[in-house]
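The values are calculated or read from the model by the stated rules, or taken from the named source; none is laboratory data. All values derive from a computational prediction rather than experimental measurement. Using ideal geometry, Cβ is built from the backbone for each residue, glycine included, and neighbour counts are taken over all protein chains shown.
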Amino acid sequence: MPLLINLVVYDISRVDEVVEAWGEAGVTGFSLIDSTGLVHHLRGKELRDDLPLFPSVRSLLEGNQEENRLLMSVVDDDFDLDALIRATEHALGPLDEPGTGILFVVPVVRVAGLQPRRPREG
């Protein structure tokens, strides 16, 4: 059964490292989605009521940027998940440490269009 790998990366400046690590681990494609967490939502960050009528671009860009990136990829059930987790932790640090990310895998009941892995060149 194919698997859906999900990784929430908390430090968005590390996403390029993760993308490279996933490619080296054999991931042939994935989706990258901007996301925010529950704490961000509960703080009411989705709507700001303190903006002036004509805010400057600088004031809009300053402040806490509490966003994450979600990487998602569907892989074959024989994919080496342990190697992918090692590569991910090499890029981000141990996932059980705060501020790194969350990786979880779920089975996919049905998939269409999944391309076979290409052999690594090298």
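Note on segment 67-106: residues that are in contact (Cβ under 8 Å) with a residue 12 or more places away in the chain and more than 18 Å from the chain's Cα centre (by Cα) total 4. For segment 46-65, the count of residues that are within 26 Å of ASP11 (Cα to Cα), at pLDDT 60 or above and among the hydrophobic types (A, V, I, L, M, F, W, C) is zero. Of everything listed in (1) touching a strand residue (DSSP E or B) at 6+ places or on another chain (Cβ under 6 Å); (2) surrounded by fewer than 16 Cβ atoms within 10 Å (Cβ to Cβ); (3) modelled with pLDDT of 95 or more; (4) not aromatic (Phe, Trp, Tyr), the single unmet condition for LEU7 is (2). Out of curiosity, is GLY23 of a type in the set (Gly, Ala, Ser), part of a loop (DSSP other than H, G, I, E, B) and either closer than 19 Å to LEU81 by Cβ or touching a Phe, Trp or Tyr at 6+ places or on another chain (Cβ under 6 Å) (or both)? Spelling it out, it is not the case that GLY23 is of a type in the set (Gly, Ala, Ser), part of a loop (DSSP other than H, G, I, E, B) and either closer than 19 Å to LEU81 by Cβ or touching a Phe, Trp or Tyr at 6+ places or on another chain (Cβ under 6 Å) (or both).
This table checks each residue for (1) out of contact with any Ser or Thr (no Cβ under 9 Å at 6 or more places or on another chain); (2) within 22 Å of VAL15 (Cα to Cα); (3) modelled with pLDDT of 95 or more; (4) surrounded by fewer than 13 Cβ atoms within 10 Å (Cβ to Cβ).
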{"position": "LEU81", "(1), (2), (3), (4)": "yes, yes, yes, no"}
{"position": "ILE85", "(1), (2), (3), (4)": "yes, yes, yes, no"}
{"position": "GLU89", "(1), (2), (3), (4)": "no, yes, yes, no"}
{"position": "GLY99", "(1), (2), (3), (4)": "yes, yes, no, yes"}
{"position": "VAL109", "(1), (2), (3), (4)": "yes, no, no, yes"}
{"position": "ALA112", "(1), (2), (3), (4)": "yes, no, no, yes"}
{"position": "GLN115", "(1), (2), (3), (4)": "no, no, no, yes"}
{"position": "PRO119", "(1), (2), (3), (4)": "yes, no, no, yes"}
{"position": "GLY122", "(1), (2), (3), (4)": "yes, no, no, yes"}
